[in-house]
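To start, the structure itself, in structure tokens.
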Amino acid sequence: MGVEKIIFYIVALIMVSSATMVITVRNPIQAALFLVLTFFASAIIWMLLEAEFLAIVLVLVYVGAVMVLFLFVVMMLDINVDRLREGFTRYLPIGVVVAVAMVGMLITVVGSDNFGLDKIAEPERHLADYNNTKALGSELYTKYVYPFEIAAVILLVAIVAAIALTMRRRDNTKYQKPEDQISVKREDRVRMVNMPTEKKK
Amino acid sequence: MNFELPNIALATPEITLLCLTCLVLVIDLFVPQQKRIVTYLASQLSLIIVFALTISSYAEQSSFAFSNTFVRDSMGDVLKLGVYISIFMVFLYSRDYLKQRDIFIGEFYVLGLFGVLGMMVLISAHNFLTLYLGLELLSLSLYAMVAIHRESASASESAMKYFVLGAIASGMLLYGMSMIYGVTGSLDLAEIAATAESSSNQLLLIFGLVFISVGVAFKLGAVPFHMWVPDVYHGAPTSVTIYIASAPKIAAFAMLMRLLIDGLSSLQAQWQDILIILAISSMAVGNIIAIAQANMKRMLAYSAISHIGFLMLGVLTGQQSGFAASMFYALAYSLMSLGGFGMIILLSRKGFEADRLDDYKGLNERSPWFALMMLIIMFSMAGVPPFLGFWAKLSVLKEVVAADSLLWLAVVSVIFSIIGAFYYLRIIKLMYFDKPEDTTAITADMDLRIAISANSLFVLGLGLFPGMLLALCLSAISAS
Amino acid sequence: MFEWVISIFESFPMGLQTTILILLKIVAIMIPLILCVAYLTFAERKVIGYMQLRLGPNRVGPRGLLQPIADTVKLMFKEIIIPTGSNKYLFIISPVLSIAPALAVWAVIPFDDGMVLADINAGLLYVLAITSIGVYGVIIAGWASNSKYALLGAMRIGAQIVAYEIAMGFALVGVLMAAGSLNLGDIVRGQSGSIFHWYWLPLFPLFIIYFVSGVAETNRAPFDVAEGESEIVAGFHVEYSGMAFAVFFLAEYINMILIAILASVMFLGGWLSPFEGILPETVFDIPVLGMLLGPGIHWLLLKTSFFLFCYLWFRATFPRYRYDQIMRLGWKVFIPITIVWLLVVGLLILGEVPPWWDAA
């Protein structure tokens, strides 16, 4: 068994167990942190697949930004975990049935019958100077340029929607206008008054 | 680098709309609230420009661009024109409504235009990727629009429901697509169609088909995946409900066509069964539950569910003429639902939604003209000749009867549509034979009055001369 | 003796040999780094002292030079106090989470031509990704401490780091466009020519934004609201003591050095000499003088020191930003400027503007 295989099994074990922890731990913060670990482990698996760009971007975007904001929100919420867990036992049977069905289907779908090495050949290994980033970039910007642009538009819509739904301008809030503050002149603040000097009587 | 510049000219309407929408977004930033009308006019102008562009470059045959992820054909063009017209009407109807509720903001129009872009992408998709992205672009805009009235708790609640269920549906759709990708090794609809036929793994394909159908049924709002429809229609501001109820149905028809006919035509036997079940249950649940509704918007929501059932009838025949009939139905339904919801907007005013059935009592005494317009819409939805809805239903049923061994389906649909006629006619009874509870005069701007009247008269006119639209659909389908 | 060591080493299997070599290289980077941190704290106190007309530390050892050693010893022997009601595991693990990424980034830093631990293609991305993980240490520390001040500090820093990371990322995109490579060594080589070939000139706004964002990312004054001793005591590490605190401290300073060295590598030509292209070629062949004036690690260290001095200078000069001002600067000033400048860089590259992008 090569080193790669050992690494794969270790990382895969970490990934699966931390993914399980995400849904079983009681504390939402810990759940979020386990999710971070899951992302990290999957990044390593991508790295093993020679997809270093995707691996690094997964860490950069999901671990570095998305989950930070997620934690940020979870920390500020006062989530009552016990109330979330009410009815857990009540829904357990149907949940188990659905889960079993899904697992069974997944096995039939992605099992070795359809995706074994005899069906799909092992991808060829690249040399050390192979540049995954460049390969991905040239595919994205030529062949898939149209879906790529639409994805960008979707993100734009998400920004517009987020701002439209959350930004409130209340009338009684006071806003600072830095440009006004900077451009203020002495005349706006100080009024020179000329008064006749007091006369001694 | 060997790279062939794609035929960008084919996507001119899409690109233009994207640029114009961004322009509207920027213009809106610099427009003070009192002059928000500028944003409105700019959005309408964008739609007109895109309309003109699409007409001037009307596609006689299918042509592809962007490595076959994009297709331009006459079916797509006709549907797109339908979308532009519907959204133009939506913006027209909703202006006053938004103003009265203090949500006359630029984002409504920007999101609306992005939704149009999403529908265009969806209609022109020739690849699972673009199909999915177009759908998401449309859905995301819709989720945000439903929640746009932030002070309204019911709107936020329904936006949440819509979003969660929509996300599940997207997941289902993606799951199904990934299975089909696993079998065929391609995301391109034409390649999928070519390899699916000879594939040894039919079971997996069927699994994929089932998940895709679930996803599509969710988005269409077909029973048993219809739970969100009444809540969202009811909870959303009427100006958004009218958006959801009109043009997206046209886009949904296109999605159905692209997925099932262009992509998975080899599985026709399977999806025919699925569609029959979906269609019958939609017609049954939609028409029967609508009777129990006391709220106009909910009633129309259930009516939408039943109409979706009808729309599927044409597609499931698997014949060219059947598709044309369904296309005709989609366009006709979108026009009728514009009229129906437009009437709710017309009767509503600040602090009064006019969405209870009781609000329509004695409309004839308050305004005989609009009572007549409503009568036309209701008769048309019920499928009473000679209105447009009748021809839509007739053409679909004709196709079902023509198909072998589906006669029973036609009979069942006729029975349900007769049941459905009850609640449409009840509205007419309320309008003409009951005493009004509320005698306030109708205060609506002249353009809204004219637009509603034109809409209803159009329904009547097309009903009197249905041949033109039907012929257009037929030629569009057979050309692509 | 030496030959004997080598012969033992060569008897090991190949895999072990590489591992040992890599470990040795890591040690060769880490030890000087930690020493640098120690004397950076000393320099900080001295520099700020002089700027404020004080003397700074001058009692421990000659001219106070042993002060950092004394501080370290003190911190080592202090007790680590774990607050009641805190989350014990996370409390202990968070200093580790903040120092590990800070150290891991050094793997791809090129000190001289070819003098780099891991010469990977996606070096720049790696830097960006790993530094972005560092924030977890701080956020978790703030939350796990079960203290209001700590939580407030963590909240502040969470938003701040995410905001400035975007500007920083865009600045790096500019560098990547200019160099056409994500490999840090290639980025330096792309700047060779003369001092005017360095990217600080064509990417000037990005250079400034990168460094300022770097200051914000490392929570240094004037962006140190996460610590904000006058408002929230010491922010996220208020409950930490002894070595646990020292590790946070270490991570902060390592990150400072990192930002400084990255700024030198990406905008000031790394190990390249500023005399290149100015003095005649023959000068570089003179035995000792040529070595000094020619490219080499000393130039990188000098440039890095300059940025580190700037850090200290800022701290002595600027008053702390208010929180809303920080957010405004990040989102409304830096990000738009970077986006506009990316467009400019794109046009410059397209126009093959000399001396950076002429076809040669």
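The values are calculated or read from the model by the stated rules, or taken from the named source; none is laboratory data. What you see is a predicted model; the values in this text were computed from it and never measured. All Cβ positions, even for glycine, are placed from backbone atoms using ideal geometry, and neighbour counts span all protein chains on display.
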- Pairs where the first residue, in the range A:26-41, is more than 8 Å from chain C (Cβ to nearest Cβ) and the second is aliphatic (A, V, I, L, M) and not in a helix (DSSP H, G or I), C-beta under 7 Å, 6+ apart: A:28/A:79; A:31/A:25; A:34/A:25
- Within the range A:148-167, the count of residues that are under 20 Å from residue B:151 (Cα atoms) and either surrounded by 16 or more Cβ atoms within 10 Å (Cβ to Cβ) or at the interface with another protein chain (Cβ under 7 Å from one of its Cβ atoms) (or both) comes to 4
- Message: Please verify whether residue B:214 is within 14 Å of chain A (Cβ to nearest Cβ), touching a residue at least 60 places away in the same chain (Cβ under 8 Å) and either assigned to a helix (DSSP H, G or I) or more than 24 Å from residue B:155 (Cβ to Cβ) (or both), treating the condition exactly as stated.
- Response: no
- Note on the structure: Here the qualifying pairs (Cβ atoms under 7 Å; residues six or more apart or on different chains; first in the range C:305-324 and within 14 Å of chain A (Cβ to nearest Cβ) and touching a residue at least 12 places away in the same chain (Cβ under 8 Å); second surrounded by 14 or more Cβ atoms within 10 Å (Cβ to Cβ) and not in a helix (DSSP H, G or I)) come out as C:321/C:222; C:321/C:223
- Residue match in the range C:170-186 (condition: without any contact (Cβ under 8 Å) to a residue 40 or more places away in the chain, surrounded by fewer than 20 Cβ atoms within 10 Å (Cβ to Cβ), within 14 Å of another protein chain (Cβ to nearest Cβ) and out of contact with any strand residue (DSSP E or B) (no Cβ under 7 Å at 6 or more places or on another chain)): yes
- Item | residue C:346 vs. criteria within 14 Å of chain A (Cβ to nearest Cβ), in contact (Cβ under 8 Å) with a residue 24 or more places away in the chain and surrounded by 15 or more Cβ atoms within 10 Å (Cβ to Cβ) | no
- Message: Which count do you get for residues in the range B:1-60 that are over 26 Å from residue B:78 (Cβ atoms), among the charged types (D, E, K, R) and within 14 Å of chain A (Cβ to nearest Cβ)?
- Response: 3
- Task: Starting from the range B:128-149, keep only residues that are under 11 Å from residue B:108 (Cβ atoms), then list their pairs with residues that are of a type in the set (Asp, Glu) and surrounded by fewer than 24 Cβ atoms within 10 Å (Cβ to Cβ) whose Cβ atoms are within a distance under 7 Å, requiring at least 6 positions of separation or different chains.
- Result: B:148/B:107
- Query: What number of residues within the range B:297-352 are among the hydroxyl-bearing types (Ser, Thr, Tyr), modelled with pLDDT under 90 and touching a Lys or Arg at 6+ places or on another chain (Cβ under 9 Å)?
  - Reply: 1
- List the helices (runs of 4 or more DSSP H) that sit entirely inside the range A:42-98 and contain at least 3 residues that are over 19 Å from the mean Cα position of the chain (by Cα) and either more than 14 Å from chain C (Cβ to nearest Cβ) or modelled with pLDDT of 85 or more (or both). A:81-85
- Query: So which helices (runs of 4 or more DSSP H) are wholly in the range B:318-434 and hold at least 2 residues that are buried (at least 22 other Cβ atoms within 10 Å of the Cβ)?
  - Reply: B:320-347, B:368-382, B:388-402, B:407-433
- Query: Among (1) touching a helix residue (DSSP H, G or I) at 6+ places or on another chain (Cβ under 7 Å); (2) without any contact (Cβ under 8 Å) to a residue 60 or more places away in the chain; (3) among the hydrophobic types (A, V, I, L, M, F, W, C), where does residue B:397 come up short?
  - Reply: (2)
- Look through B:182, B:106 and report the one residue that is closer than 16 Å to residue B:239 by Cα and over 15 Å from the mean Cα position of the chain (by Cα). B:106
- Message: Condition first: under 25 Å from the mean Cα position of the chain (by Cα) and of a type in the set (Phe, Trp, Tyr). Can you find one or more residues in the range C:95-107 that meet it?
- Response: yes
- Checking B:312, B:299 in turn, the sole residue that is farther than 18 Å from residue B:405 by Cβ, under 18 Å from the mean Cα position of the chain (by Cα) and part of a helix (DSSP H, G or I) turns out to be B:299
- Task: Report the residue count in the range B:118-142 for those that are out of contact with any strand residue (DSSP E or B) (no Cβ under 7 Å at 6 or more places or on another chain), assigned to a helix (DSSP H, G or I) and more than 7 Å from chain A (Cβ to nearest Cβ).
- Result: 11
- Hey, residue B:28 hits all of (1) under 22 Å from the mean Cα position of the chain (by Cα); (2) surrounded by 15 or more Cβ atoms within 10 Å (Cβ to Cβ); (3) more than 30 Å from residue A:142 (Cβ to Cβ) but one; which does it fall short on? (1)
- Query: Can you tell me which residue in the range C:298-325 is farthest from residue A:177 (Cα to Cα), limited to those that are modelled with pLDDT under 85 and in a helix (DSSP H, G or I)?
  - Reply: C:323
- In the range C:110-144, how many residues are at the interface with chain A (Cβ under 10 Å from one of its Cβ atoms), crowded, with 24+ Cβ neighbours inside 10 Å and not in a helix (DSSP H, G or I)? 1
- Task: Of the numbered conditions (1) touching a helix residue (DSSP H, G or I) at 6+ places or on another chain (Cβ under 8 Å); (2) within 12 Å of chain A (Cβ to nearest Cβ); (3) surrounded by fewer than 23 Cβ atoms within 10 Å (Cβ to Cβ); (4) assigned to a helix (DSSP H, G or I), residue B:160 fails exactly one; give the number of that condition.
- Result: (1)
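Yes/no per residue for (1) crowded, with 21+ Cβ neighbours inside 10 Å; (2) closer than 30 Å to residue C:77 by Cβ:
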site: C:235; (1), (2): yes, yes
site: C:242; (1), (2): no, yes
site: C:267; (1), (2): yes, no
site: C:271; (1), (2): yes, no
site: C:275; (1), (2): no, no
site: C:284; (1), (2): no, no
- Message: Checking the structure you have, find out if any residue of the range A:2-18 is surrounded by 11 or more Cβ atoms within 10 Å (Cβ to Cβ), of a type in the set (A, V, I, L, M, F, W, C), within 14 Å of another protein chain (Cβ to nearest Cβ) and farther than 30 Å from residue B:208 by Cα.
- Response: yes
- Message: Here are the criteria: (1) within 23 Å of residue C:117 (Cα to Cα); (2) surrounded by 11 or more Cβ atoms within 10 Å (Cβ to Cβ). Tell me which single one residue C:31 does not satisfy.
- Response: (2)
- Message: Can you pull out every residue in the range B:442-470 that is surrounded by fewer than 15 Cβ atoms within 10 Å (Cβ to Cβ), in contact (Cβ under 8 Å) with a residue 12 or more places away in the chain and not hydrophobic (A, V, I, L, M, F, W, C)?
- Response: B:443, B:445, B:447
